[in-house]
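What follows is one structure encoded as structure tokens, with my remarks underneath.
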Number of protein chains: 2
Amino acid sequence: MTARAEATRERLLKAAKQLVMSKGFAGMSIDDVLRATDLTKGAFFHHFKSKADLADQLMRWYAENDMKMFRTLLAEAEAAHDDPLDQLLKFLTDFEAYLCDPEHPPRGCMYALYTYEDDHFENAVKDFVAETLRTWTAMYIRKFQEVIDRHPPARHVSAKQLAEMFVAVIEGGLILERAHKNPGMAARQSEQFRSYLELLFPSAPRERAA
Amino acid sequence: MTARAEATRERLLKAAKQLVMSKGFAGMSIDDVLRATDLTKGAFFHHFKSKADLADQLMRWYAENDMKMFRTLLAEAEAAHDDPLDQLLKFLTDFEAYLCDPEHPPRGCMYALYTYEDDHFENAVKDFVAETLRTWTAMYIRKFQEVIDRHPPARHVSAKQLAEMFVAVIEGGLILERAHKNPGMAARQSEQFRSYLELLFPSAPRERAA
DNA sequence: CTCTCCATACAGACTGGTCTGTATATACTT
DNA sequence: AAGTATATACAGACCAGTCTGTATGGAGAG
């Protein structure tokens, strides 16, 4: 694949992402994507062998970018602090900043979207979404476990519960954000979640207050 | 509208609800609904003047049933306890039971679904969804305010924040539930939220422990 | 009580248009 | 020249919505 072809593929994927986020996958037609990119059927079917294939590739592409971003945020947080709780709280605040950044306006989560259109996707795609969410969650579980090991929680709680709650809170926040056309609601949910963590782990070091 | 006609209308709405929940609105065709109900175009267009009209009526019908359920749960909780926190906790546990009830299998929330298909709906419908969510949230805000007034929270928090967090947690839980095909994840989120509440309001009466 | 008449409720063929996907031609690159 | 990348034209399925027609139930007249 030449550089030009790769660029075309990206253009198609980017446009598809935007459209999917606002109309859903079934609601988006291939022609919509072509209109948005000023390309034609030939280009599309050269890169994707069907609309279902687009669904698949789009999700993989999205997940890859998404995951990269999260890993970066986490790595930065780990570099900045020693204590896992400090790391986590920095990660959360950085993530909140990202959520509020007007640079990234297609607010919403494509996993959630695919999940709500279920029947239209092949099992491979659905499994991939589930798998990705699992990986995502696992990342948080590891970190929460470190926190729990270091700081006795004020109330019995498992790393898995906390990890899942964080994912849920963000997904839910994004829905509220969309429904109310009120950017920032997802970030507020993350804040609220931090509040919960601070109650759970009162013995944490004060370094992060600085 | 005769009783028979009303029954037909309900049949159409029920089938549409099921289908929408599994394929999304754009992904569902009118013919899908007709196949599911063994009715015909004539019947459909007698009751709905267009597919958009179905979207509208379906949402209103759904919201009505939904709201009725929540109001009932809340009323029961208020009848069972004097303390607002006890009422709230009972409401949450009852709601968790409902979420786990295999009788109600179309897991998911239609507000979330509509939200993620945005562009396909008229403003009237979108506004209605936002309005309904607002009403829903307002119900919780009132109750949380009573709790805060009675029990000093361990950490500053507003009733609105808590209400929105609950809605977010449930919406997010439903997404996880769908993605992982794991019923019960939404209920577990509600549990986790209760855990937060119990940390927030440690001075609560012990009545609820009984 | 019963016959007539009409509104309501539904059936199902049909239309115009949109959708995905294919076939083929053309341009670019090396 | 050869393979890759994109354009264009088109086939055929499907979809929302329309139109004409039919069954049914109830109100009013006799």
Practice task
Name the single residue, out of those in segment B:1-22 being closer than 16 Å to B:Ala55 by Cβ and near DNA strand C (Cβ under 9 Å from one of its atoms), that is most open to solvent (accessible area, probe 1.4 Å).
Solution key: B:Arg9
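For segment B:42-83, enumerate the residues that are within 16 Å of DNA strand C (Cβ to nearest atom) and assigned to a loop (DSSP other than H, G, I, E, B).
The initial filter retains those residues of segment B:42-83 that are within 16 Å of DNA strand C (Cβ to nearest atom), namely B:42-54, B:57, B:61.
Within segment B:42-83, B:Phe48, B:Lys49, B:Ser50 qualify.
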Exercise for the section: Confirm whether A:Met69 is free of Cβ contacts under 8 Å to residues at least 60 places away in the same chain, within 14 Å of chain B (Cβ to nearest Cβ) and either closer than 20 Å to A:Thr132 by Cα or within 15 Å of DNA strand D (Cβ to nearest atom) (or both). Expected result: no
Practice task
Run B:Glu6 past the list (1) over 22 Å from B:Thr115 (Cβ atoms); (2) touching a helix residue (DSSP H, G or I) at 6+ places or on another chain (Cβ under 9 Å); (3) more than 14 Å from every other protein chain (Cβ to nearest Cβ) and report the number of the one that doesn't hold.
Solution key: (2)
Fill in the blank from the handout: Note on B:Ala26: of the conditions (1) within 14 Å of chain A (Cβ to nearest Cβ); (2) assigned to a helix (DSSP H, G or I), unmet is (2)
Fill in the blank from the handout: Exactly one of B:Ala52, B:Ala75, B:Ala79 is at pLDDT 95 or above, over 25 Å from B:Val169 (Cα atoms) and open to solvent by 20 Å² or more (accessible area, probe 1.4 Å), and that one is B:Ala79
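I need a count of the residues in segment A:159-196 that are closer than 16 Å to B:Ser195 by Cβ and within 10 Å of another protein chain (Cβ to nearest Cβ).
Applying the first criterion (closer than 16 Å to B:Ser195 by Cβ) to segment A:159-196 yields A:159-166, A:168-169, A:192-196.
Those still in the list that are within 10 Å of another protein chain (Cβ to nearest Cβ) too: A:160-162, A:164-166, A:168-169, A:192-193, A:195-196.
Residues that pass the stated criteria total 12.
Output yes when any residue across segment B:111-118 is surrounded by fewer than 22 Cβ atoms within 10 Å (Cβ to Cβ) and more than 9 Å from every other protein chain (Cβ to nearest Cβ), and no when none is. Please lay out each step first, then the result.
Within segment B:111-118, the subset surrounded by fewer than 22 Cβ atoms within 10 Å (Cβ to Cβ) is B:118.
Add one more test, that the residue is more than 9 Å from every other protein chain (Cβ to nearest Cβ), and what stays is none.
Within segment B:111-118, none of the residues are surrounded by fewer than 22 Cβ atoms within 10 Å (Cβ to Cβ) and more than 9 Å from every other protein chain (Cβ to nearest Cβ).
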Exercise for the section: Kindly indicate whether A:Val125 is farther than 16 Å from B:Ala179 by Cβ, open to solvent by less than 10 Å² (accessible area, probe 1.4 Å) and either not in a loop (DSSP other than H, G, I, E, B) or not hydroxyl-bearing (Ser, Thr, Tyr) (or both). Expected result: no
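The values are calculated or read from the model by the stated rules, or taken from the named source; none is laboratory data. Please read these numbers as outputs of a predicted model, since none were measured by experiment. Every residue, glycine among them, receives a Cβ derived from its backbone with ideal geometry; neighbour counts consider all protein chains shown. Just the protein is used for accessible areas: all its heavy atoms, side chains included, with ligands, DNA and RNA removed. Shrake-Rupley method; radii C 1.70, N 1.55, O 1.52, S 1.80 Å.
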